[in-house]
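Report on the following structure.
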Ligand code: NAP
């Protein structure tokens, strides 16, 4: 930890950590509600979260942009149905600027430790650039903030470059190079077609094949954009339609028979349409139920493998040997660049050991048996702490921004209650947290993430419980977790202590 003797200290009413979709959205809504006494600590030098970090060629969102944006900051100018990542990043930058958040942002403020001081009734947050104190701490750090970067034997001596997809090296020369891509998830399927265009040779190390369905993408016309900008309710109507169309897909995740067959037909039909060679098709066919891993959307991924410069290696990268990347199958490939599209640390978040209660117990200790929270937002033993995008807030079938907005409204409900009652300490009861956990466990049963016969990042790697994804419809998340219920909490106020 940094030596902070003499470092600046700042006090605020609320400390928010993270300036991605959650932190920016929360900041905007706080200001709209007249609450301006907050800081947003951001470890990087700009806002945008995953959309700032993921700048690999081909990065885009697989939720339509009209829906993957705030309901309270509608954007009419998306270039296409599924906007490229750079546009989403600019949207967040614009929201932060126009929403009045710039004075609240502190960049380079990577939270090294956040500790609850019971006597002072405040969180003390240490970062390399200073210390912040506030009665309320709200984490808004996202599930896709910390890259899963596996280390392979022999990597130190490997002659080429190795980097993670979320740490893309803009100076990396791809043109004419021999490129390996490790993984076949959402990031890899966007990167591979771009590599296939530019590199002399591409090797994809596929540990598990992915279900891929057609990407119903197209540019928006000027007339459409004008309509979105000028016609009252036009964007809201599009969002509504997209939202409910996505909700219908939850039936697949519940493994409803007709729904799952329909989804599988679509994905396997797409593969059959795009890959004529039966051997290659078999190699690209998943061996688990559809939806167990994220269902991907692309019209370009499968055709990449029909190009002469692209090789599908159907085993994981095992190790490096000099200039070669060696697969678990034993096959060795001479490569110049290796891209690790190996995903993120979602189920065991690296921030958890750094958040500590008044007795030295960290959130990682509390989550020894996997992440859990009351209504996905508060943890017993951690007073005045709210987690946005924490346990069971991911979605496999709809826009996570809807979940984030639900949680923001919950936070506003907490703040209203504290204002109205004069309480300055709130803590969820263990029984309320346990009831939420039981509910999630019950809902998880029979979902494809648990029963689908695959290993995915939505479940805890140790307990096998579903801890990252919400196991129900998105609208049900809002019904279940979007409203603060004071009866689940114990409150205290200074007056009581002094009386
Ligand atoms: P991911 O879905 O977790 O995929 C990681 C891939 O790397 C998997 O194919 C995995 O294989 C493989 N892998 C991981 N560790 C490995 C190892 N040690 N050796 C060999 N292979 C390894 O990660 P992602 O593609 O970055 O996507 C993460 C999430 O980000 C997505 O689910 C999605 O929510 C989001 N995302 C969205 C978009 C979009 O909107 N278009 C784009 C990118 C990311 P196994 O499957 O065998 O584990």
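Key figures
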| item | result |
| --- | --- |
| Stretchable slack from residue 117 to residue 434, in nm (0.36 nm times residue separation minus alpha-carbon distance) | 111.6 nm |
| Beta bridges per DSSP with both ends in the range 341-499, % antiparallel, nearest 5 | 90 percent |
| Shape call, the range 197-298: gyration tensor on alpha carbons, a/c limit 1.5 | oblate |
| Relative contact order of the chain, defined on C-alpha pairs under 8 angstrom at six or more residues apart (%) | 19 percent |
| Over the range 269-399, relative contact order from alpha-carbon pairs under 8 Å, at least 6 apart, % | 11 percent |
| Global form of the range 39-124, assessed from the alpha-carbon gyration tensor, a/c cut-off 1.5 | prolate |
| Cβ-based exposure ranking for 331, 479, in which fewest neighbours within 10 Å come first | 479, 331 |
| Sequence-separation-based contact order of the range 1-126, relative, with Cα cut under 8 Å and 6+ spacing, percent | 28 percent |
| Over the chain: helical MRE at 222 nm, DSSP H runs n ≥ 4 each giving -39500 (n - 2.57), nearest 500 | -9000 deg cm²/dmol |
| Residue 416/residue 299 FRET efficiency (R0 51 Å; Cβ-Cβ; nearest 0.05) | 0.60 |
| Length gained when the stretch residue 476-residue 73 is fully extended (0.36 nm per residue, less Cα-Cα span) | 142.8 nm |
| DSSP-defined antiparallel bridges as percent of all bridges, the chain, nearest 5 | 40 percent |
| Distance (nanometres) between label positions extended 7 Å along Cα→Cβ at residue 33 and residue 285 | 5.2 nm |
| Estimated inter-spin distance, residue 240 and residue 156, nm [label 7 Å along Cα→Cβ] | 6.2 nm |
| Taking 371, 255 and counting other C-beta atoms within 10 Å, the order from fewest to most | 255, 371 |
| Difference of contour (0.36 nm per residue) and Cα-Cα distance, residue 55 to residue 311 | 89.8 nm |
| Packing-based exposure ordering (other Cβ within 10 Å, fewest first) of 174, 408 | 174, 408 |
| Global form of the range 372-429, assessed from the alpha-carbon gyration tensor, a/c cut-off 1.5 | oblate |
| Percent antiparallel among DSSP beta bridges (both partners in the range 18-143, rounded to 5) | 80 percent |
| The range 321-356-the range 142-199 distance, computed between alpha-carbon centres (Å) | 9 Å |
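Where a number appears in this text, it was derived from the coordinates with a stated rule and is not lab data. The model shown is predicted, which means the values in this text are computed figures rather than measured ones. Neighbour counts are summed over all protein chains in view; Cβ atoms, including those assigned to glycine, are modelled from backbone coordinates with ideal geometry.
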